[in-house]
Amino acid sequence: MHWINVAALAILLMSGLQIFNADPGLYWGLSSYSGRPPLLRLYAEQAADGSQMGVTEIFGRKFRTTGVLGLSRDPSDPSGALIERGFPAWLTIPGPQWLAMGRRWHFFFAWIFVLNGLLYVGYSLWSRHLSRDLKPTRRDWRSVGRSLIDHIYLRRPEGEDAKRYNVLQKLAYLLVIFGLLPFMILMGIAMSPRMDTLLPGWVGFFGGRQSARTLHFITADLILLFALIHVFEVIISGFWNELRSMITGRYEIEEPATGKGTAP
């Protein structure tokens, strides 16, 4: 289930950027035609020397991002000419601008991700993984400060502590599994005109369809940030040891005084 999530989330992110490129901006409200300035906008404009430049505009402040955001190379042009597009082709599925195919990739892997997530939650409840391994205990709540300091100084747990999640890991996993992911899915559904027709009015609770699109994008960014921190922690904790444990279930424990042992 972990590796299905890795593949599904990667494809969802890249196909989502393809969909975003159809209108590379984020707005708040019911419509992007409300006259309100965008929260974020990626586009190209003419520079002082007459050349084209890519621009990332955030809350009205412009940043030059030529070659990456706003203006990037056209994958279909052998000469490598620059074209106006939000995110570059190497970050989107498919590479060339193709909204319909991007939506097909996105919706197909969204179902895979949702079904895999439901299976994970069901298995975790049946195996008591949630209550046994992820539910914070009183001891965990008392160790929040210490755990935060250990993370700041990149201190690795040793001995029996290495076999358990620390309190920050537990809170992060619970927030992602039961907070960010369901909310991201809900905001994705809020962009569907069919769902708005079926249950009229509920999208307005979140500010409108454009607000839901913005919240969907921001939540996806937070999940990406979580994934990057997750991979970083795996690397500094012993990449091969962590990777082997994900595949085989065997994890090598470092004992401060007695040396090393191998535990399931």
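The values are calculated or read from the model by the stated rules, or taken from the named source; none is laboratory data. Computed from a predicted structure; not experimentally measured. Counting neighbours? That spans all protein chains shown, and the Cβs are built from the backbone with ideal geometry, glycine included.
Taking every residue in the range 93-104 that is touching a residue at least 24 places away in the same chain (Cβ under 8 Å) and pairing it with any residue that is assigned to a helix (DSSP H, G or I) and surrounded by fewer than 16 Cβ atoms within 10 Å (Cβ to Cβ), at least 6 positions away or on another chain, the pairs with Cβ-Cβ distances below 6 Å are 94/101.
Here's the yes/no breakdown for (1) out of contact with any Asp or Glu (no Cβ under 6 Å at 6 or more places or on another chain); (2) under 23 Å from residue 36 (Cβ atoms); (3) of a type outside the set (Phe, Trp, Tyr):
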residue	(1), (2), (3)
133	yes, no, yes
136	yes, no, yes
142	yes, no, yes
159	no, no, yes
175	yes, no, yes
181	yes, no, yes
204	yes, yes, yes
216	yes, yes, yes
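Which one of the conditions (1) free of Cβ contacts under 8 Å to residues at least 60 places away in the same chain; (2) in a helix (DSSP H, G or I); (3) surrounded by 14 or more Cβ atoms within 10 Å (Cβ to Cβ) does residue 111 fail to meet, given that it meets all the rest? Of (1) free of Cβ contacts under 8 Å to residues at least 60 places away in the same chain; (2) in a helix (DSSP H, G or I); (3) surrounded by 14 or more Cβ atoms within 10 Å (Cβ to Cβ), only one is false for residue 111: (3). Does any residue of the range 8-20 turn out to be at pLDDT 95 or above, closer than 26 Å to residue 185 by Cα and assigned to a strand (DSSP E or B)? Among the residues of the range 8-20, not one is at pLDDT 95 or above, closer than 26 Å to residue 185 by Cα and assigned to a strand (DSSP E or B), which makes the answer no. Can you tell me which residue is surrounded by the most Cβ atoms within 10 Å (Cβ to Cβ) among those in the range 46-66 that are over 23 Å from the mean Cα position of the chain (by Cα) and closer than 24 Å to residue 217 by Cα? Here the residue is 54.
Between residues in the range 58-78 that are over 23 Å from residue 37 (Cα atoms) and residues that are part of a loop (DSSP other than H, G, I, E, B) and modelled with pLDDT of 95 or more, which pairs lie under 6 Å by C-beta distance while being six or more apart or on different chains? So the pair list comes out as 72/88.
Tell me which of these residue 163 doesn't satisfy, since it passes every other one: (1) within 15 Å of the chain's Cα centre (by Cα); (2) touching a residue at least 40 places away in the same chain (Cβ under 8 Å). Failing condition for residue 163: (1). If the condition is being farther than 26 Å from residue 223 by Cβ and in a loop (DSSP other than H, G, I, E, B), then the range 156-172 contributes only 158.
The residues of the range 9-32 that are in contact with a Pro (Cβ under 8 Å, 6 or more places away or on another chain) and either of a type outside the set (A, V, I, L, M, F, W, C) or free of Cβ contacts under 8 Å to residues at least 12 places away in the same chain (or both), listed by number, are 18, 25, 27, 32. Within the range 61-108, being part of a strand (DSSP E or B) and either of a type in the set (A, V, I, L, M, F, W, C) or not assigned by TED's automatic domain parsing to the domain that holds residue 51 (or both) holds for 63, 71, 82, 83.
Residue 153 - would you say it is of a type in the set (Phe, Trp, Tyr) and either surrounded by fewer than 16 Cβ atoms within 10 Å (Cβ to Cβ) or farther than 20 Å from residue 226 by Cα (or both)? Considered against the rule, which asks whether it is of a type in the set (Phe, Trp, Tyr) and either surrounded by fewer than 16 Cβ atoms within 10 Å (Cβ to Cβ) or farther than 20 Å from residue 226 by Cα (or both), residue 153 comes out as yes.
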